[in-house]
Amino acid sequence: MTGDSLMSMTRPILGALLALAAVGPVPGQTAIEITLKAGSQPEAATKEQLLRLLKSYDVSKWTFTKSVVIDQTLIPHSHPVLTLSTRHLRDDELLLTTYIHEQLHWYFVSRGKDTQEAVNELQRVFPDAETQPPGGSNGPQSTYQHMLVCLFEYKAAQELLGELKARQVMEFWSHDHYTWVYRMVLERGRDIENVAAKFKLKPFAAGQ
């Protein structure tokens, strides 16, 4: 094989390697185990969507559990296994923030004592909370916990999506579910953040 032939064969390979080097490391490489409940096409598509988002956005510091189930029949929830629905196939930002929302529940459960003290404080700061759907969650305890979760969901969205897109997402949620909670996050986020800071609640995964 001549030198010119060898060079012509290796040039595309070298070009590809240089392109990869120029791109650098891809963010969001946290390994997540994703299980499909029924194995349906919408569940499979949501899995691919989530994997794509996790490669596009580095959510490692908001990752507290690495097991995810996608179930088209259920509303998203955090425990006992983080479960997502197939509702947001056409809305990347809504799926991303829902995923972070459910991850954040794991953080606050892990900080149970401090979270409870923050909940007690929030009850004093926001005595007239709407504690039933659609404004709140299922009772006072869950509603005040969601104030913490939704606040840090917003802060994560600001970091990942930018201020404008993050606010658009929160505005959408404020007319969709937990409407009072999300409205308070937008209108009185500083008050909620002060309570979180008082009890040293700042959700970041270990090592972040």
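Since every read-out is calculated from the coordinates, none of them should be taken as a lab result. Since this is a predicted model, take the numbers as computed values, not measurements. For neighbour counting, all protein chains shown are included, and Cβ atoms are generated from backbone atoms with ideal geometry for every residue, glycine included.
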Which of the residues that make up segment 31-76 are in contact with a Ser or Thr (Cβ under 6 Å, 6 or more places away or on another chain) and more than 22 Å from HIS177 (Cβ to Cβ)? GLU33, SER60, THR63
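Return the only residue of GLU102, GLU130 being closer than 20 Å to HIS177 by Cα, in contact with a Pro (Cβ under 9 Å, 6 or more places away or on another chain) and buried (at least 16 other Cβ atoms within 10 Å of the Cβ). Steps first, please.
Values: GLU130 fails: in contact with a Pro (Cβ under 9 Å, 6 or more places away or on another chain).
After ruling out the rest, the residue left standing is GLU102.
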One residue is enough: does segment 70-91 have a residue meeting the conditions free of Cβ contacts under 8 Å to residues at least 24 places away in the same chain, of a type in the set (Asp, Glu) and over 18 Å from ILE192 (Cβ atoms)? yes
Which ones in segment 108-153 are within 20 Å of the chain's Cα centre (by Cα) and among the basic types (Lys, Arg)? ARG111
Please determine, by comparing only the residues of segment 48-75 that are closer than 21 Å to GLN158 by Cα and among the hydrophobic types (A, V, I, L, M, F, W, C), which one is surrounded by the fewest Cβ atoms within 10 Å (Cβ to Cβ). LEU51
